1. In the range A:1-44, how many residues are assigned to a helix (DSSP H, G or I) and modelled with pLDDT of 50 or more?
2. Restricting to the range A:86-113, name every residue that is of a type in the set (Gly, Ala, Ser), touching a residue at least 60 places away in the same chain (Cβ under 8 Å) and either over 29 Å from A:SER254 (Cα atoms) or more than 14 Å from chain C (Cβ to nearest Cβ) (or both).
3. Can you confirm whether A:PHE217 is part of a helix (DSSP H, G or I), more than 12 Å from every other protein chain (Cβ to nearest Cβ) and more than 24 Å from B:SER83 (Cβ to Cβ)?
4. May I ask you to list pairs of residues, at least six apart or on different chains, whose Cβ atoms are under 6 Å apart, with the first in the range B:68-79 being on the phi > 0 side of the Ramachandran plot and the second being assigned to a loop (DSSP other than H, G, I, E, B)?
5. Which residues, taken from the range C:236-283, are of a type outside the set (D, E, K, R) and in contact with a strand residue (DSSP E or B) (Cβ under 8 Å, 6 or more places away or on another chain)?
6. Report whether or not C:ALA164 is within 29 Å of A:THR261 (Cβ to Cβ), away from chain A (no Cβ under 12 Å), outside any loop (DSSP other than H, G, I, E, B) and of a type in the set (A, V, I, L, M, F, W, C).
7. I'd like the full set of residues that are free of Cβ contacts under 8 Å to residues at least 40 places away in the same chain, under 20 Å from B:VAL347 (Cβ atoms) and not acidic (Asp, Glu), limited to the range B:296-330.
Amino acid sequence: MATLQDPLELSAPATSRGTLAHMRATLRRNWLHVLLLPLLALWASPLVWIVVTSLKTRVEVFDPNAGFLPAIAQWSNYPAAMAVAPFGTYLVNSVLVTGGILICELVTITLAAYAFARLSFPGKNILFTLFLLQIMFPIYATFLTNFVTVRELGILNSLPALIVPFVASGYGTFMLRQAFRQVPTELADAARLDGCGHLGILWHVYLPLVKPTLVAFSIIAVVTHWNDYMWPLLVTNSESVRTLPIGLGLLAKSDSGADWTRLMAATVVVVSPLLLFFVIFQRRFVDSFMHAGLK
Amino acid sequence: MAEVVLQGVSKSYQGRPTVHGVDLAVADREFMVLVGPSGCGKSTTLRMVAGLEEITAGRLLIDGRDVTHAEPQKRDIAMVFQSYALYPHMTAYRNMAFGLLKTSKLPKAEIDRRIGEAAEILHITHLLERKPNALSGGERQRVAIGRALVRQPKVFLFDEPLSNLDAKLRTHMRGELKRLHKELGLTVIYVTHDQIEAMTLGTRVAILSEGRLQQVGAPMDLYMRPANTFVATFIGSPEMSLLRCALRPNGAGSVVHHPRFDTHIPGALERAEPGDILLGVRPEEVTLSPPETPAMARGTVERTELIGSEALAEIRMGDDRLMARTPVMQAPDVGAEVGLSFDMARVRLFDAATGRALARL
Amino acid sequence: MVTGPALRAHVREAGLAYLLLAPSLVFLAAFTYWPIIRSVWFSFHDVMLGSDKIFFLGLENYQRLWTDALFWKSLANTAFYTLVTIPSAIACALLLAVALDSKLRGMTFYRSAFFYPVMIPSVAAGMVWVFLYAPGYGPINHALALFGLPKLEWLYDSNTAMIAIIIMSIWKYSGYFMLILLAALQMIPSDLHEAARLDGVSAWNRLIHITIPLISPTLYFVIIIGLLHSYQIFDYVYVMTQGGPADATNVLTFYIYQNGFQYQDIGYASTLANVLLLFVGGLITLVALVFGRRVHYLGR
């Protein structure tokens with residue numbers, strides 16, 4: 001991809017200022033490649049290692065003299081890994097939990113963000129600060145007492161337990177409020193004259209106009225909750241409610257580190273849905289994370 | 001019939017008054033322009049009529065019905081916004097249909113017919129399937145007007161609708177609005193800060209300053225007979241010059257004394273006692289003459305400015321400055337001494353303390 | 001001043017606002033505010049997991065905390081992890097962002113390659129790095145040997161275990177920070193750089209005196225995001241080391257987990273949790289005080 005500067009071209013006398021400038025520009029760009037390519041290799045190597053190992057034999061993993069690539073690709077590692085644990089159930093649970101959280105969050109943050117962006121009411125600033133407090137103290141900071149609460153509610157080891165702590169989102173409310181505030185007030189005025197009440201304005205004007213923010217928030221929320229480990233780890237203890245990351249963690253434990261090939265095959269299965277989405281909708285993903293919180 | 005009556009309509013934000021008891025009656029088919037500098041309360045007044053701002057005190061009647069606290073959609077009004085406020089995610093057609101779908105139970109065919117008709121009047125039939133960002137400024141403007149037209153409201157409200165257009169398009173749209181008003185017999189309340197727009201569009205013009213109604217009248221009336229110095233200087237470009245003078249009754253008329261000249265005003269005045277006044281002279285009411293000829297006063301030319309067929313000259317007379325309009329060929333040189341005469345039949349007098357016009361009886 | 005109908009409109013609007021906030025507030029109250037209050041209350045009591053009996057202890061839990069060497073160690077480990085990871089990851093991210101903020105060929109490819117670790121679940125990342133760090137057959141030690149460097153025990157040596165987790169965290173989060181910084185860099189008007197270049201300002205000075213001040217609001221934002229992501233260290237410790245070796249990687253969140261879930265001592269675990277809240281809250285406040293005032297805002 002990077003074409004290194006030909007040394008001959010470097011020593012060639014500059015015939016005009018144009019070519020000199022051109023040469024310097026090319027050099028500058030290629031210097032960046034020289035710097036970035038090794039870093040790129042470093043960053044990519046864990047992923048490469050996962051894939052390569054998932055296709056090796058167990059012997060090859062531990063043999064220092066075996067090559068970097070497997071002699072024969074062991075595709076059978078994949079069905080073997082999937083047979084160890086009910087990954088189908090995990091997948092369904094992951095989808096249900098992530099989807100459930102996303103839908104609940106979208107409803108709560110839309111309503112709350114509209115109130116903060118467009119309505120005036122006593123206590124607005126204090127309430128907004130209280131919402132922001134959740135950004136500072138997420139569930140990972142209060143997991144202990146939240147566990148006690150969930151236990152008392154009697155929903156331990158159930159899918160709702162995986163969803164309820166994430167229904168409200170201070171971050172999402174903040175993000176959406178910022179987006180709502182960018183919508184010109186005249187549009188809301190026009191909608192009022194067109195006969196819309198607050199909910200009509202929200203539905204017909206605000207939501208269609210902040211779609212990019214909603215997509216960005218959704219992507220971040222899905223990545224966060226799809227990958228979440230700590231909370232599901234604490235509140236689940238049976239196969240029927242476990243999510244993919246928990247299943248993967250369990251597999252690692254039960255195999256006690258011995259069978260890396262199966263484990264890496266399972267890892268490929270667990271990480272590929274998101275990575276696949278990422279590759280397909282790269283621009284959307286990158287834009288979402290890029291501009292989250294900046295608007 | 002569509003009449004709008006404002007009775008002592010006031011607005012205050014957190015106890016701070018911004019509009020003070022505006023009384024205004026807009027007649028059926030009238031094009032009423034609210035004009036004033038920014039922050040004078042004209043937009044707030046319009047938004048109160050629209051129902052977008054709560055009326056703090058006073059009453060608002062539309063067609064004899066008290067709508068002071070009615071919801072906007074129940075007032076039978078339509079509004080065209082400064083930024084057009086077209087819904088960016090809807091086509092021009094949807095933008096125009098949206099309000100009808102929300103507020104009326106009109107059949108689809110009737111909605112289609114109304115939009116088709118409005119589109120034809122506004123020459124936007126070919127644009128109906130486009131979204132606002134595929135339209136030019138002028139086209140958006142037309143769609144926004146179309147959105148108001150299809151509602152067939154009693155009253156049309158315009159909030160500085162032309163200020164986002166370039167100068168040429170603005171002149172064109174001004175003509176269009178005039179045509180629409182005349183052809184369709186609309187009742188319009190129109191807010192602008194541009195006095196030329198106000199003078200050319202309005203059948204009557206209401207001038208606001210600092211939240212108070214200064215004067216209401218036909219454009220020429222305001223120009224010729226301003227009620228106070230604010231109206232006098234706000235209307236007309238370049239603005240009227242105000243010269244501070246002392247007034248003394250003398251026989252059937254009065255003597256006006258200025259450090260640089262004395263003159264006589266024929267006829268009786270509203271006020272008989274002597275005192276300070278401001279003499280209001282419009283640039284076209286000044287005649288310049290060569291220094292050696294007899295004249296009412298003398299001054300020095302500070303600056304001249306060509307404006308096509310005419311020239312403007314700023315003349316210094318002691319501490320006062322005064323604008324005069326002359327034919328280009330007779331424009332004086334900068335620095336020259338000139339003689340000045342005023343058309344004393346047309347000049348206006350204002351009370352120096354209150355700024356109120358002194359009626360000439 | 002506010003008359004009848006106007007007042008009614010205000011009340012209606014406020015009522016609607018509370019109604020819209022209610023769903024969020026119910027869940028925030030249940031899973032954010034109530035747990036914090038409860039955590040404070042628990043810390044003055046002897047509470048065992050699964051038992052209904054609660055005994056008042058006063059400050060006993062806090063006295064125990066004061067003399068608990070392991071607590072101090074976990075606090076120090078947490079601080080070490082946070083204070084090393086965030087600056088290194090941000091420095092790394094900033095350099096990557098500056099390098100990528102040009103019309104570089106393959107820019108999107110680089111961007112994605114540095115960003116993808118964010119998409120990997122922490123448990124998978126942790127596991128893979130356990131493998132990479134493996135002293136015998138791990139590729140990292142192979143690579144070190146290739147360069148003639150001594151092999152390390154990594155996660156099995158109390159001197160290097162935390163460093164190993166930090167290196168992995170930098171790999172995992174730099175790409176995220178880079179992306180946010182890149183967005184900020186792209187918003188700097190190019191004429192600012194061009195003007196500085198015409199004035200003969202060197203690339204390094206442009207970075208220090210123009211770029212960094214202009215993106216300082218974003219840097220500030222990234223620091224906060226970094227602090228919040230540092231909660232995730234629990235996942236890595238749980239998957240990679242279980243706090244070991246010799247508690248070298250035992251951090252506050254993990255120590256809370258041990259006390260609460262393994263020893264079932266909710267009272268003491270809550271006391272630790274309060275320290276965690278104070279630690280993160282304090283760091284964020286500190287960052288806000290130090291950086292919040294000095295950031296430059298472009299335009300508005």
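The values are calculated or read from the model by the stated rules, or taken from the named source; none is laboratory data. Note that this is a predicted model, so its numbers are computed, not measured. All Cβ positions, glycine included, derive from the backbone under ideal geometry; neighbour counts span all protein chains shown.
1. First, the residues of the range A:1-44 that are assigned to a helix (DSSP H, G or I): A:7-11, A:17-44.
Filter again for modelled with pLDDT of 50 or more, leaving A:17-44.
The number of residues fulfilling the criteria is 28.
2. Once the filter is applied, which keeps residues that are of a type in the set (Gly, Ala, Ser), touching a residue at least 60 places away in the same chain (Cβ under 8 Å) and either over 29 Å from A:SER254 (Cα atoms) or more than 14 Å from chain C (Cβ to nearest Cβ) (or both), the range A:86-113 yields A:GLY100, A:ALA112, A:ALA113.
3. yes
4. So the pair list comes out as B:ASP76/B:PRO153; B:ASP76/B:LYS154.
5. Selection gives C:ASN259, C:GLN264, C:ILE266, C:GLY267, C:SER270.
6. Yes: the conditions hold for C:ALA164.
7. B:ALA313, B:ILE315, B:ARG316, B:THR326 - these are the residues of the range B:296-330 that are free of Cβ contacts under 8 Å to residues at least 40 places away in the same chain, under 20 Å from B:VAL347 (Cβ atoms) and not acidic (Asp, Glu).
Each row is one residue, and each column tells you yes or no for (1) aromatic (Phe, Trp, Tyr); (2) crowded, with 18+ Cβ neighbours inside 10 Å; (3) out of contact with any Phe, Trp or Tyr (no Cβ under 8 Å at 6 or more places or on another chain).
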| site | (1), (2), (3) |
| --- | --- |
| A:PHE137 | yes, yes, yes |
| A:ASN146 | no, yes, no |
| A:ARG151 | no, no, yes |
| A:ILE155 | no, no, yes |
| A:ILE163 | no, yes, yes |
| A:GLY172 | no, yes, no |
| A:MET175 | no, yes, no |
